[in-house]
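A short worksheet on the structure shown next.
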Amino acid sequence: MKDAETVTVEQAIARLGSYDAILDARSPSEYALDHVPGAISAPVLDDAQRAEVGTLYKQAGTFAAKRVGAAIVARNIADVVERDLADAPRDWRLLVYCWRGGNRSGALATVLARIGWRTEILDGGYRAFRRHVLAELEQLPATLRFIVIAGRTGSGKSLLLERLQAQGAQVLDLERLASHRGSVLGHLPRQPQPSQKRFETSIWEKLRGVDTGRPVIVESESRKVGQCQVPASLILAMRASRCLRVEASDAVRCRLLLSEYRHFVEEPERLAQRLEALVDHHGRARIDAWLAIARAGNWPEFVLALLHEHYDPAYDRSMKRNFSALDQSPAVRLDSAEPEAIDAAASELLALAEAQTSPAKSRTITPD
């Protein structure tokens, strides 16, 4: 009967697509913070049980803690087999990991291997995987050719990224990965943002799978998308890349924004809470004036005021600082908010992106 085999992080990552199941033996809170792509949560100790065993270790010593812990682990491993692997055939290939590739993954992998599944343990566990992700995020962006889609707030960039991806483009949608629209009003209701680690793993997963011979299309984000920090190496690569501009009239932008931010129309007080973050920048009088327009239900007037007095000036300053040649970049006009117009603009953007085959020239990047 074959025992579990230990594999390096490089070996495991090379085989990610070939495992029939990847089991994360850490606690649910550790899993939620971040995990290997495709892994399922298969805790041998949940959060409360870890705390219980840890307390017992301090109060009663190693032997007592191991005796109680072993019984809990055994029951939890039985649950994993009966719940997650009940219908798994014998020829399945499994990867198991915990925090450092120690006791938790070892206990689970031993049982799985003895049952008869081909089982591998990730040497160094999640910690080794995390180090690998960070190291690759330092290097990957410089090896890729990005095309940056720029445009003032409300010009439909997020919708265009969706349509570009549907049309076969390689897209890195940072706002989707961060569950945030990237502005003071960008929080998505009932969609919490991922942890920084999870955000970085999602970026790594996207970038490692791209075709290096084709451009990667990305929106002109700032260093932060909500509370998620874009890796510095990616920001530098984006700001040294070629741009395509999206232009839209105020009427089109207003319609797109009112559709996209419908939750604020339905709950104006949620809007009031978000606008508090701008009091120091614009003053109480201006914020109150904006809110009065919104509370009166004059939503187009509110949107235009916010665009002209806050978003457009901030965008123009940011673009001038970080993409100084933007004015000379090719532009695509979004003529309406209708799906057909968005599809047509996306097709035009894709043709322009793929036509730009030479690498972007590097230049000095000015920090935010």
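Looking at Ser41, Ser18, Ser27, which is the one that is assigned by TED's automatic domain parsing to the domain that holds Arg90, surrounded by fewer than 17 Cβ atoms within 10 Å (Cβ to Cβ) and under 27 Å from the mean Cα position of the chain (by Cα)?
Criteria check complete, one pass: Ser18.
Mind checking which helices (runs of 4 or more DSSP H) fall wholly inside the range 1-110 and carry at least 1 residues that are over 25 Å from Gly209 (Cβ atoms)? Explain how you work it out, then say what you get.
Working: elements: 9-14, 28-33, 47-60, 62-83.
By residue number, 28-33, 47-60, 62-83.
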Every pair of residues 6+ apart whose Cβ atoms lie under 8 Å, when the first sits in the range 70-91 and is in the same structural domain as Asp24 (by TED's automatic domain parsing) while the second is aromatic (Phe, Trp, Tyr):
Leu85/Trp92; Leu85/Trp117; Ala88/Trp117; Arg90/Trp117
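Within the range 147-254, which strands (runs of 3 or more DSSP E) (wholly inside it) include 1 or more residues that are modelled with pLDDT under 95 and crowded, with 18+ Cβ neighbours inside 10 Å?
On the way: elements: 170-172, 216-219, 242-248.
In the range 147-254, 242-248 are the strands (runs of 3 or more DSSP E) which contain 1 or more residues that are modelled with pLDDT under 95 and crowded, with 18+ Cβ neighbours inside 10 Å.
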Test result for Ala109, surrounded by 23 or more Cβ atoms within 10 Å (Cβ to Cβ) and outside the structural domain of Val332 (by TED's automatic domain parsing)
yes
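Regarding Ala345, is this residue touching a residue at least 24 places away in the same chain (Cβ under 8 Å), surrounded by fewer than 13 Cβ atoms within 10 Å (Cβ to Cβ) and in a helix (DSSP H, G or I)?
In short, no.
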Lone qualifier among Leu144, Leu134, Leu188, Leu172 - being over 26 Å from Glu266 (Cβ atoms) and in contact with a Ser or Thr (Cβ under 9 Å, 6 or more places away or on another chain)
Leu144
Mind telling me which of the residues Arg114, Arg127 ends up being in a helix (DSSP H, G or I), basic (Lys, Arg), at pLDDT 95 or above and farther than 17 Å from Ala39 by Cβ?
Arg114
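The values are calculated or read from the model by the stated rules, or taken from the named source; none is laboratory data. Keep in mind it's a predicted model, so treat the numbers as computed, not measured. Please note: Cβ atoms are built from the backbone with ideal geometry, for glycine as well, and neighbour counts cover all protein chains shown.
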